Structure formats: C-alpha cells, structure tokens
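*Asks:* Got a structure for you, written out below as structure tokens; questions coming shortly.
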Amino acid sequence: MKRRDFFKRGILAGVAASALKFDQLQASLVNNEITVEKAPDLVAVKGGEPDVMLDKALEALGGIGKFVKKGQRVVIKPNIGWARKPENGANTNPDLVGALVKKCLAVGASKVIVFDHTCDNWEKAYGLSGIKSAVEKAGGAMMPGNDESYYKEVKLPAGVKLRETTIHKALLDADVWFNVPVLKNHDGAKMSIAMKNYLGIVWDRRFFHANDLQQCIADVCTWEKKPALNIVDAYRVMRQNGPQGKSVNDVSLEKFLIISSDIVAADTAAVQFFNQLEKMPLENVGHIGNGEKLNLGTTNLEKLNIKRISI
C-alpha cells in the first residue's frame, strides 16, 4: 500500500462514519451557551517531523497545559532500552522526547525527568540513542534506572498473574508522567508499544518472562498511577528482528504519531498501522486483549472520537 493511501485505507479505516462532521465541529450559539468541539479520544498524525507532529497532536487535545500544571514534577518514560543510534529504530526518537521536555517546561513544570530501565548498559544506551543529549539540551534531566535501590514495591490488586512489583521511584514521586514508546516488532511480546513500555519502569523483568509475559504486561498496566498520555513514536518503525534489530534494513521511515490517554486504544491503532508494513494480527499481541479484559481501555476504535491529521 502506498503511504499516501493511509488516510483512505489505513489504520483508522472504517471509523470515518463515526467521526463528527465538519459543521458539527464548529462552535455554535444555542440558548446562549457555546457548544465547542469535544477533544478527541485519539489523535493520529502523519507526515511531519517529530516536533511538528507532537505540536499538532497536542493542539488537537487542548494543549500541553491541559496535562501539565505550573510547579508540577513531570516524568517522561521513553524506550531507551538499547545502545543503538536513532536510525536503528530500537529506541524512541530523541527529537520527540526533547520536544516534549520543552513543552512541559514551557508551561511551568518544576522539573522534567527522563529515565528507562535499559537492557544494554544505561550510559551507552542513553548516549547512543541521542536521548540524553536531546533531553539536557531541552532543559530536562536524565535519571538512571540501573540499580535496584531506585525501585519501591507497589501492589497491583487488579493483576491476574502479577500482584505486586517494584517501580522506579521517579514515577512514584511524579505529579504527572508521559508514556512515550517507539513502535516496533518484538520477538517475545510480538509488539513493543505503550503497554510493553511499562517493562522499563520495573526492576524485576524476569518474573514477567517466567509467568505468562502477555498477562504480566497487562497486569503491570493496572498500576493506579496512569500516564497522562501514551505518545506512540512511529517516525521510524522496526518491522522485524525486534526489539534490537539487526540493521537499518529492518526499519521503515513512516513519520507517524499516535496519542491517546487510552493505552489499549493507542496500542490497537499502532498495531493496525504496523499491519500496513508487516502482518501482525491483533490477537497475536495478547497483552492488548488482556488489557481490555482488565478494563484498561478499548480495542474498538469505531466507538472512539478520532482525529486524523495529515501534514
């Protein structure tokens, strides 16, 4: 499928009938009250650079000030698992992370912290990914996640297999946090998107892999402190050989972004988009369906108010 056909036949095909008509989106005066456009449940942006797509998506959602207030401590959790350069698509795009840091600080965040529990050496991963440089240039701060002392135990009463775990204290202390994964193929979880990105906030990942990975991913997402937004980076998409990739040949330049507070919907939309590149049935990504069963969100995109933006 040609990329230009995306808005006709891509990720959100079939939902146009449920979208509000243009005239319904306009402010109108009815009985001396102003009726305004409702913020979308999910925004999909295609065709721009990471910072521009972020601008457009957040504008559609009401602006970053809707999610971050003056004086708040903000945490951004990208995927920085691997000591790979941005063109390898193994980590979240550094330009996207840097742009989000700037936006949070611009509306008065007291501090913006970025971290991940990396798979490779954390200093190498932070450096080669370009994220450390982008965050610090934007005025944010990097925090390590490489030592168990950074993590504290939390209960997960709604979990099925995972009833407790240890989560990075940066998130425990945050006023608000953003989940900013990269969209990519994953040999174990099938796909690594927003729900899978939670594995970078915990210390003991071995339990997940030994006790039904797909269920444990859904279970950890039941943690009571939900991200304000799930911002799925699909600027570069690793189609195969994830999560690390073997070469740049595993990666496609797609210039795409998905944002939603509904983590299940965000991952569902991302898998639908991925299917334009490589076959990946949604049912194969078991943690998404498990998350819906745990009432974390919906896979039924047709019932959502979705905003599509082409740049």
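The values are calculated or read from the model by the stated rules, or taken from the named source; none is laboratory data. This structure is a prediction, so every number in the text was calculated from the model and none was measured. Methodologically, a virtual Cβ is constructed for each residue, glycine included, from the backbone with ideal geometry; neighbour enumeration extends over all protein chains shown.
*Asks:* Checking A265 against (1) in contact (Cβ under 8 Å) with a residue 60 or more places away in the chain; (2) in contact with a Phe, Trp or Tyr (Cβ under 8 Å, 6 or more places away or on another chain), only one condition comes out false. Which one?
*Replies:* (2)
*Asks:* Can I ask one more? Has segment 263-273 got at least one residue that is of a type in the set (A, V, I, L, M, F, W, C), under 27 Å from R163 (Cβ atoms) and surrounded by fewer than 24 Cβ atoms within 10 Å (Cβ to Cβ)?
*Replies:* The answer is no, given that none of the residues of segment 263-273 is of a type in the set (A, V, I, L, M, F, W, C), under 27 Å from R163 (Cβ atoms) and surrounded by fewer than 24 Cβ atoms within 10 Å (Cβ to Cβ).
*Asks:* Is there a residue being assigned to a loop (DSSP other than H, G, I, E, B) and not charged (D, E, K, R) anywhere in segment 248-256?
*Replies:* Checked segment 248-256: no residue is assigned to a loop (DSSP other than H, G, I, E, B) and not charged (D, E, K, R).
*Asks:* Now, a different point. With the checklist (1) surrounded by 14 or more Cβ atoms within 10 Å (Cβ to Cβ); (2) within 25 Å of D51 (Cβ to Cβ) in hand, flag the one item K137 doesn't pass.
*Replies:* The number of the failed condition is (1).
*Asks:* To continue, here is another question. Taking only pairs six or more apart or across chains, which ones have beta-carbon atoms under 6 Å, a first residue in segment 106-130 that is closer than 12 Å to N91 by Cα and acidic (D, E), and a second residue that is modelled with pLDDT of 95 or more and not in a helix (DSSP H, G or I)?
*Replies:* Correct list of pairs: D116/I80; D116/G145; D120/W82; D120/A83.
*Asks:* Here's a check for you: in segment 88-132, which residue that is assigned to a helix (DSSP H, G or I) and aromatic (F, W, Y) is surrounded by the fewest Cβ atoms within 10 Å (Cβ to Cβ)?
*Replies:* In this case the residue turns out to be W122.
*Asks:* Take E278 and tell me if it is free of Cβ contacts under 8 Å to residues at least 60 places away in the same chain, farther than 22 Å from C119 by Cα and not hydrophobic (A, V, I, L, M, F, W, C).
*Replies:* no
*Asks:* Another question, if that's okay. I'm checking my understanding of the structure. Among residues of segment 280-301 that are surrounded by fewer than 18 Cβ atoms within 10 Å (Cβ to Cβ) and in contact with a strand residue (DSSP E or B) (Cβ under 8 Å, 6 or more places away or on another chain), which one is nearest to H209 (Cα to Cα)?
*Replies:* If we take residues in segment 280-301 being surrounded by fewer than 18 Cβ atoms within 10 Å (Cβ to Cβ) and in contact with a strand residue (DSSP E or B) (Cβ under 8 Å, 6 or more places away or on another chain), then G286 is nearest to H209 (Cα to Cα).
*Asks:* Looking at (1) within 14 Å of the chain's Cα centre (by Cα); (2) more than 27 Å from F115 (Cβ to Cβ), which is the only condition R239 fails?
*Replies:* Failed condition: (1).
Per-residue answers, yes or no, for (1) within 14 Å of the chain's Cα centre (by Cα); (2) of a type in the set (D, E); (3) at pLDDT 95 or above:
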site	(1), (2), (3)
D233	yes, yes, yes
S252	no, no, yes
I258	yes, no, yes
S261	yes, no, yes
T268	yes, no, yes
L277	no, no, yes
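*Asks:* Check off (1) part of a loop (DSSP other than H, G, I, E, B); (2) charged (D, E, K, R); (3) buried (at least 20 other Cβ atoms within 10 Å of the Cβ) for E224 and give me the number that stays unchecked.
*Replies:* Every listed condition holds for E224 apart from (3).
*Asks:* Still on this structure, please answer the following. Quick one: in segment 140-149, of everything that is touching a residue at least 40 places away in the same chain (Cβ under 8 Å) and outside any helix (DSSP H, G or I), which residue is surrounded by the fewest Cβ atoms within 10 Å (Cβ to Cβ)?
*Replies:* G145
*Asks:* Sticking with this structure for a sec: Scan (1) over 28 Å from A141 (Cβ atoms); (2) outside any loop (DSSP other than H, G, I, E, B); (3) in contact with a strand residue (DSSP E or B) (Cβ under 9 Å, 6 or more places away or on another chain) for the single condition A218 breaks and write down its number.
*Replies:* (3)
*Asks:* Just one of K184, K169 is in contact with a strand residue (DSSP E or B) (Cβ under 6 Å, 6 or more places away or on another chain), more than 29 Å from E87 (Cα to Cα) and basic (K, R); which is it?
*Replies:* None of the others qualify; the one that does is K169.
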